[in-house]
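Okay, structure first, notes after.
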Amino acid sequence: MKRTASATVRSLWPNATALVLALGFAFPVYWMFSTAFKPTRDIITEDPVWFPFHGTAEHFATAVNAPDFWALARNSVVVTVLAVGLSLVIALCGAFALTRMRFRGRRGILLTFMIAQMAPWEVMVISIYMIVRDADLLNSLLPLTCFYLLMVLPFTLLTLRGYVAAVPKELEESAMVDGCSRRQAFGKVVFPLLAPGLMATSLFGFITAWNEFPLVLVLNKEPAMGTLPLWLSRFQSHFGDDWGATMAAASIFAVPILVLFLFLQRKAAGGLTSGAVKG
């Protein structure tokens, strides 16, 4: 009985700490969404209104009717989906080669990807701008897609490499003994087992490309050729001190990430853990 009580007391502090941290992280998100639904009088009042009992959707209507919203939303979806999709295909092929094959320069390639993962992209914005300017590709989605691909590729490859290494090589060999080619063994045996890793890396890549701001700010200055982070940063210039519309715009911007995370959270957690400790 004493041991049970002692174990309960020992688990109380970690659970309480986790709860406090969770509330601390969740409160800004709650405040953003609640402010988006509050009438203007409840936003500018000196007494904070913790829950919008008389909610309104007028701020969301103001946000979606802002100049270039739909064009920038389309640009964000196109650039993000292309960058993440291409990174998954390239990284999956590279991870399979680095895990299953032995060749000269293999360690050097891994080291290069690790260094690329650690390098801060912000310090290279000026160099990237000069390259894109000289290629006459400013205000285009093509350079954004390419550089977003390069941003998410190192992490994607390193994570998938760990996950491919966790799949026993004997499964492929058994399939090949039964008559499958290497490509068929990979597609029918290995690939289905990589779903958690693919989900984890796609989630990270989506968040990275969807939220990227400095690069699009420098490369795409035309209002209709930017992405949603750029539109969100200019929101105050459209509405002045309209905090309700600003919070509605931020909520719209955050919804795709929240939905994707809730949909993939279990598989993503397993994929990140396996990719971190295997290989």
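The values are calculated or read from the model by the stated rules, or taken from the named source; none is laboratory data. None of the values given here were measured: they were computed from a predicted structure. All Cβ positions, even for glycine, are placed from backbone atoms using ideal geometry, and neighbour counts span all protein chains on display.
Residues in segment 73-87 that are over 15 Å from residue 256 (Cα atoms) and crowded, with 20+ Cβ neighbours inside 10 Å: 83, 87.
Checking each residue in segment 88-105 for being of a type in the set (A, V, I, L, M) and either modelled with pLDDT of 90 or more or surrounded by 14 or more Cβ atoms within 10 Å (Cβ to Cβ) (or both) picks out 88, 89, 90, 91, 92, 95, 97, 98.
Whether any residue in segment 71-83 is polar (S, T, N, Q) and over 23 Å from the mean Cα position of the chain (by Cα) is what I want to check. For segment 71-83, residues polar (S, T, N, Q) and over 23 Å from the mean Cα position of the chain (by Cα): absent. Taking segment 135-243 as the region of interest, the helices (runs of 4 or more DSSP H) fully inside it that hold 3 or more residues being touching a residue at least 40 places away in the same chain (Cβ under 8 Å) are 141-166, 195-211, 214-219, 228-233, 235-239. Exactly one residue out of 111, 137 is hydrophobic (A, V, I, L, M, F, W, C), over 27 Å from residue 256 (Cα atoms) and modelled with pLDDT under 85, and it is 111. Every condition in (1) closer than 18 Å to residue 242 by Cα; (2) modelled with pLDDT of 80 or more is met by residue 55 except one, and the failing one is (2). Check segment 157-168 and report whether any residue there is farther than 30 Å from residue 60 by Cβ, basic (Lys, Arg) and modelled with pLDDT under 80. No, the conditions are met nowhere in segment 157-168. Would you be able to say whether some residue in segment 57-76 is assigned to a helix (DSSP H, G or I), within 26 Å of residue 157 (Cα to Cα) and either β-branched (Val, Ile, Thr) or touching a residue at least 40 places away in the same chain (Cβ under 8 Å) (or both)? The answer is yes; a qualifying residue exists. Filter segment 23-37 down to residues that are under 21 Å from the mean Cα position of the chain (by Cα) and touching a residue at least 12 places away in the same chain (Cβ under 8 Å) and give me whichever is surrounded by the most Cβ atoms within 10 Å (Cβ to Cβ). Filtering segment 23-37 for residues that are under 21 Å from the mean Cα position of the chain (by Cα) and touching a residue at least 12 places away in the same chain (Cβ under 8 Å), the one surrounded by the most Cβ atoms within 10 Å (Cβ to Cβ) comes out as 33.
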